[in-house]
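Participant: Could you have a look at this structure, given as structure tokens, before my questions?
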Amino acid sequence: TGGTASFSTRIVPPQGGFRILDVTADGFVAPDGTRHVVCVSRDVTEQREIEDALRDSEERYRMLAEHAPDMIVEHDATGRIIYANSAARERGYYPPEDANGMPFGEWNHPDDVEVCRKAFEDAMRLGRVIRLVHRMRHKDGSYRWMASSGAPYRTSRGEMHLVGQSRDITEELALQEQLRQAQKMEAVGQLTG
């Protein structure tokens, strides 16, 4: 009819396997009235394999992040949260409505804000992993102790981001304090004895 069509197709070459082709077909009517189609094919097998591998990799890491028991958060160079996994959102530290765009440090205990900001700045400036223990505000208003680490990376656009992981260790610290108190009492008991 003189139209144009574009499509992808798989072919089986004589040597076996398959190849993926992107095809553009242009139909035309010759001066003698006969109809013809000119096809231009481009082998895109490697490109599709790379795209599929990238898609699989992205899905794998998305699943790991979303189902991780620890809170995983990504910050841009200014410290604003641009991603918070389900653990972070569901546990009440980064409510979904507050997560994106929240400035760095807003959720930390006032006594820990500067330590956290300095650690963030050091990570971004020096390109090194940071580890720290700090208090973070829960949406119920209480502060909980966190063991956090963060690793900076450069995006494909050249921007520095930091991916951080945090685990609530409030109960662990409380148990450690109870153990210390029990050990003190035991030591006092032994001295008294």
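Participant: Evaluate the following for Val37: is it farther than 28 Å from Tyr83 by Cβ, open to solvent by 80 Å² or more (accessible area, probe 1.4 Å) and either in a strand (DSSP E or B) or not charged (D, E, K, R) (or both)?
Facilitator: Numbers: farther than 28 Å from Tyr83 by Cβ: yes; open to solvent by 80 Å² or more (accessible area, probe 1.4 Å): yes; either in a strand (DSSP E or B) or not charged (D, E, K, R) (or both): yes.
Taking the combined requirement at face value, the residue satisfies it.
Participant: Let me ask another. Within segment 7-29, can one find any residue that is assigned to a strand (DSSP E or B), among the hydroxyl-bearing types (Ser, Thr, Tyr) and open to solvent by less than 60 Å² (accessible area, probe 1.4 Å)?
Facilitator: Start the filter on segment 7-29 by keeping residues that are assigned to a strand (DSSP E or B), which leaves 7-11, 19-29.
Narrowing further to those that are among the hydroxyl-bearing types (Ser, Thr, Tyr): 8-9, 24.
From the residues that got through so far, the ones that are open to solvent by less than 60 Å² (accessible area, probe 1.4 Å) too are 9, 24.
Yes; the residues of segment 7-29 include at least one that is assigned to a strand (DSSP E or B), among the hydroxyl-bearing types (Ser, Thr, Tyr) and open to solvent by less than 60 Å² (accessible area, probe 1.4 Å).
Participant: With the condition kept exactly as written, say whether any residue in segment 51-68 is loosely packed, with under 11 Cβ neighbours inside 10 Å, among the hydrophobic types (A, V, I, L, M, F, W, C) and modelled with pLDDT of 90 or more.
Facilitator: First, the residues of segment 51-68 that are loosely packed, with under 11 Cβ neighbours inside 10 Å: 52-61, 63, 67.
Applying the additional criterion that residues be among the hydrophobic types (A, V, I, L, M, F, W, C) yields 53-54, 63.
Okay, now just the ones that are also modelled with pLDDT of 90 or more, so 53-54.
Yes, segment 51-68 contains a residue that is loosely packed, with under 11 Cβ neighbours inside 10 Å, among the hydrophobic types (A, V, I, L, M, F, W, C) and modelled with pLDDT of 90 or more.
Participant: Are there any pairs, at least 6 apart or on different chains, whose C-beta atoms fall under 7 Å, with the first in segment 77-102 and closer than 20 Å to Cys116 by Cα and modelled with pLDDT of 80 or more and the second in a loop (DSSP other than H, G, I, E, B) and of a type in the set (S, T, N, Q), and if so, which?
Facilitator: Note: pairs meeting the criteria are Ile81/Asn100; Ile82/Asn100.
The values are calculated or read from the model by the stated rules, or taken from the named source; none is laboratory data. On a predicted model such as this, the values are computed, not experimentally measured, just so you know. Reconstructed Cβ throughout: ideal geometry from the backbone, glycine too, with neighbour counts over all protein chains shown. Side chains included, ligands, DNA and RNA excluded: accessible areas come from the protein's heavy atoms. Shrake-Rupley method; radii C 1.70, N 1.55, O 1.52, S 1.80 Å.
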